[in-house]
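The values are calculated or read from the model by the stated rules, or taken from the named source; none is laboratory data. Remember, it's a predicted structure, so these values are computed and weren't measured experimentally. Don't worry about glycine lacking a Cβ; one is built from the backbone with ideal geometry, like all the others, and counts go over all protein chains shown. Only protein heavy atoms, including side chains, enter the accessible area calculation; ligands, DNA and RNA are left aside. Shrake-Rupley method; radii C 1.70, N 1.55, O 1.52, S 1.80 Å.
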Amino acid sequence: MPEAVHQPGQAFGQVIELGESPNRSAWLRFRSNRPAVVATVFLLGLIVLALAWPLISSQGDVHSEAQFAAPSGGHWFGTDVHGRDLFGRVMAGTRISLMVGFVGALVSLVIGVLWGATAGFLGRWDNLLMRTVDVLYSLPSIIFVIVIITTLEEILQRWLQSTLGGDGGETARMLLLFAGLGAVSWLTMARIVRGQVLALRERQFVEAARSLGLGTGTILRRHILPNVFGVVIVYLTLTLPAVILYESFLSYLGLGIHPPRASLGSLIAEGAAQINPIRVYWWIIVYPAGCLAALLMALNFLGDGLRDVFDPKADNEH
Amino acid sequence: MPFPCPDLYSIAGAWAWFRAVSLAYFLRRVVMLVPLVLTISFLAFCLVRVAPGGPFDKERAPASPDIERNLKAKYHLDEPLWQQYLRFVGIGFEKRDGEWRAFEGGLVRGDFGPSLKYRNHSVNDIIAQGLPVSLSLGMLSFCFALGIGIPLGVWTAIRRGRWQDHVGSFVSILAVCIPAFVLGPVLIVLLGIRWPLFPVGLWGGPWHVILPAITLGTYFAGKVSRLAREGMSQALQSDFITTARAKGVSERSIILRHALREGLLPVVTYSGPLLADLLVGSFVVENLFQIPGIGVFLVSSSINRDYTMVVGLVILYSVMLLTLNLMVDVVYGLLDKRVKYA
């Protein structure tokens, strides 16, 4: 717990004695946050397992006769409607969900940082840019994403077919998914970056840089953005579960990943489609759902841990 | 500020504050809604029209070219796009019965036009049927989210750092990690089928409401409780609380009368986006529990290229959210007098 480190007395004295660098004390603070450490280990394990599973698994993605087999030694999570091993499906879904999450979060990072830094640093544009963010905040962005995905998919698919050849369906859907998810989740990032840049702009080292004759671009690149980095990393970690959640939501509605590919959302949708009062195949819902919940939880704990370490606001509290 | 500090707990005082500080600002924002909604409607209109395919592609019997032409003519889909948009908005003239007359219906008269998929119904009819259901589901989930989330968040903030805090925080993080489409199927299987306590679908008596409302509300309860915890623990550390403690105000009164008002500001800010997310979340819940709301229509009509329906729903959602956010801003100003509206 960060609170413990900051208590007057032994812990605080220790930091001074050792003469910690900021990075090292941040690392110590992070390490003392047990949920965050557990979450990190879990995440790393899950990522490695999800990536390596196709290599170590002997079952592959084949259809078998064993439809809806209950969990057993052969199939740890049971099998699904086509008799495929559910553990392999969940790992494949995790892989796709994580990939979509990372790319979507990166898109939101790029848009958000550029937008926020421009608004914060160039005062002239501030009002216009941030009013736009305000307006977008008050709009149902996910509804636009749904409409955009359903309408533009075929256009993009045709265009990809004519330029790249082959069936562009999957690529088109992926591209739209990345763009749409990134587009709905950059707003908070832009606000935070702008606030940070506004505060940093008034600092003396920026004034010094300017008096030395550095241009706006150089100051932004060399002095402002590196200092925004910590906060950006924190909110990137917190954006990641949000993007994964959105992706699963869209996949659940049938607008995200298409079968035979799987994401955690589409696996849950497949499970929910099999609900009937006669026989309950609980494993085809519970395992993908549990995996999604555990993934989101680990990301949230990691984000909280990083926020305690990096966010200056959390620092001032103590 | 020369304005004397009003008594915001009375209606008259609140009104006086509102009139003096922010009436002009809010009026300007209300006026701004008009071009905003027009822009949104234009974008949505263009977006559905550029999409390939049309509303009559998936007719049961493949329509002959003649039938399709007649259908298109009936719904004015053969006109140039700008004319269709003007007709949709309802500004302009057309030649009818040999005379030039103004368009009938249109957005300015509150008419979204006929649905192109459910052709016996107008979009207004469908919305009028589904919206009350969706709204009551949304309001119930909203009450559930606030009713569970705020007490949990406040309680964990008061017990900050103790085991109650750890347990409560864990529960709220857990809630944030189980969205409606995860919780819903699990609840149906457990409480609907395994132990049939609740009906698993449809909409009717109070028993039908419980599972959908819990399904939709749990995620937001978790989110609200985390915001409330953050806000309250910051409020409890601020100087005015220390002063109140020093004056010997009871702990109960400190929390209820002083800290709550400041500590719940993040929750108030979030309640605008919260309502947005509730409306969106209702797509899944309505689908899952077979509830006849309007959420199910957005996805299906957008896939079916039901032009008028899509645009109507997008406008409806946007207007609802813009209004709600405006109201949230008013409430925020009432709670936090330091906010100045420019």
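Some notes on this structure:
- Members of region A:259-276 that are open to solvent by 10 Å² or more (accessible area, probe 1.4 Å), under 24 Å from the mean Cα position of the chain (by Cα) and facing chain B (nearest Cβ under 8 Å): A:Ala269
- In summary, B:Thr242 fulfils each of the numbered conditions (1) open to solvent by 70 Å² or more (accessible area, probe 1.4 Å); (2) in a helix (DSSP H, G or I); (3) within 11 Å of another protein chain (Cβ to nearest Cβ); (4) not small (Gly, Ala, Ser) with the single exception of condition (3).
- Subset of region B:175-213 that is out of contact with any Leu (no Cβ under 8 Å at 6 or more places or on another chain), more than 7 Å from chain A (Cβ to nearest Cβ) and not in a loop (DSSP other than H, G, I, E, B) - its residue that is surrounded by the most Cβ atoms within 10 Å (Cβ to Cβ): B:Ala175
- Selected residue (only one of A:Tyr252, A:Tyr281 is at pLDDT below 85, at the interface with another protein chain (Cβ under 7 Å from one of its Cβ atoms) and at negative phi): A:Tyr252
- For first residues located in region A:134-161 and more than 8 Å from chain B (Cβ to nearest Cβ) and of a type outside the set (D, E, K, R), partners that are open to solvent by 30 Å² or more (accessible area, probe 1.4 Å) and outside any helix (DSSP H, G or I) and lie 6+ apart or on another chain with Cβ distances below 9 Å form the pairs A:Gln157/A:Asp167; A:Leu160/A:Gly166; A:Leu160/A:Asp167; A:Gln161/A:Asp167.
- Residues (under 22 Å from B:Leu71 (Cα atoms) and in a loop (DSSP other than H, G, I, E, B)) located in region B:107-157: B:Asp111, B:Phe112, B:Gly113, B:Ser115, B:Leu116, B:Lys117, B:Tyr118, B:Arg119, B:Asn120, B:His121
- Which listed residue, of A:Val309, A:Val280, A:Val243, is farther than 24 Å from B:Leu174 by Cα and either without any contact (Cβ under 8 Å) to a residue 40 or more places away in the chain or outside any loop (DSSP other than H, G, I, E, B) (or both): A:Val280
- Filter result for A:Leu152 (under 25 Å from the mean Cα position of the chain (by Cα), open to solvent by 40 Å² or more (accessible area, probe 1.4 Å) and either hydrophobic (A, V, I, L, M, F, W, C) or on the phi < 0 side of the Ramachandran plot (or both)): yes
- Those helices (runs of 4 or more DSSP H) of region B:252-342 in which at least 1 residues are within 11 Å of another protein chain (Cβ to nearest Cβ) and of a type in the set (S, T, N, Q), considering only elements entirely within it, cover B:265-289, B:295-303, B:307-335.
- Entry remark, region A:23-59: residues being at pLDDT below 80, open to solvent by less than 50 Å² (accessible area, probe 1.4 Å) and not polar (S, T, N, Q) number 5 in total.
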